Amino acid sequence: MSGSVTRVTLVSHATTEALRRARFNSDESVDEIGLQALHGIAYTARADAVEIAPELRARQTAEGLGLQGAIVPELADIAYGQWAGLTMDELTESDLGAWLTDTSTTPPDGESIDSVLRRVRRWMDRIGTEPRRVCAVTHPSVVRAVVVTALDAPARSFWRVDIPPLTTTTVHCRSGRWTLRTVAEKII
């Protein structure tokens with residue numbers, strides 16, 4: 001490994017009922033399907049450090065993959081506020097339209113996509129300063145934010161990145177510049 005590169009592998013958490021039912025997540029656990037999938041995986045992280053989102057589903061995924069590491073608030077899912085637990089059908093048409101087209105839209109007591117992008121950028125700036133391998137167990141929203149940031153893509157590109165459960169996405173940082181290596185590779 002070159003001494004001047006930070007390599008980051010992001011692991012998206014296993015399935016939850018909210019994910020399967022297109023509900024805005026709350027701090028819920030991995031569902032039975034996700035637990036079964038985790039039992040069938042022999043994952044080996046080549047990492048100097050493991051960082052884990054604080055939500056239960058991310059912690060359960062890390063545990064199921066045999067990973068232990070630090071809980072990192074910057075890796076948290078979008079805070080959906082009063083929308084947590086609701087399906088998209090339960091939002092008004094104008095709220096849903098705004099959410100899917102305007103990255104500054106903020107759910108009541110929640111967080112906008114723009115805020116998530118800024119938070120994830122701060123995390124990337126922090127971890128990109130030290131040459132090492134990092135494995136981060138987190139949420140599809142955070143992985144999307146990393147991809148958008150690494151590509152210097154416009155914020156509106158956020159919804160154009162599909163990150164399924166239990167996939168890995170890899171980015172590298174050299175001299176403060178991020179590059180995208182792989183996106184949404186299935187863990188086997």
Quick check on residue 19: is it out of contact with any Cys (no Cβ under 6 Å at 6 or more places or on another chain), assigned to a helix (DSSP H, G or I) and more than 26 Å from residue 121 (Cβ to Cβ)?
no
Which of the residues that make up the stretch 51-102 are part of a helix (DSSP H, G or I), touching a residue at least 12 places away in the same chain (Cβ under 8 Å) and among the small types (Gly, Ala, Ser)?
58, 62, 64, 81
Scan the stretch 42-50 and tell me whether some residue there is modelled with pLDDT under 95, assigned to a loop (DSSP other than H, G, I, E, B) and surrounded by 15 or more Cβ atoms within 10 Å (Cβ to Cβ).
yes
If you take the residues of the stretch 124-141 that are over 26 Å from residue 18 (Cα atoms) and part of a helix (DSSP H, G or I), which of them is nearest to the chain's Cα centre (by Cα)?
124
Scope the stretch 51-86; condition buried (at least 20 other Cβ atoms within 10 Å of the Cβ), small (Gly, Ala, Ser) and touching a helix residue (DSSP H, G or I) at 6+ places or on another chain (Cβ under 8 Å); matching residues
53, 58, 64, 76
Check 6, 16 and return the single one that is farther than 18 Å from residue 163 by Cβ and not small (Gly, Ala, Ser).
6
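The values are calculated or read from the model by the stated rules, or taken from the named source; none is laboratory data. Nothing here was measured: the structure is a model prediction, and the numbers come from that model. Using ideal geometry, Cβ is built from the backbone for each residue, glycine included, and neighbour counts are taken over all protein chains shown.
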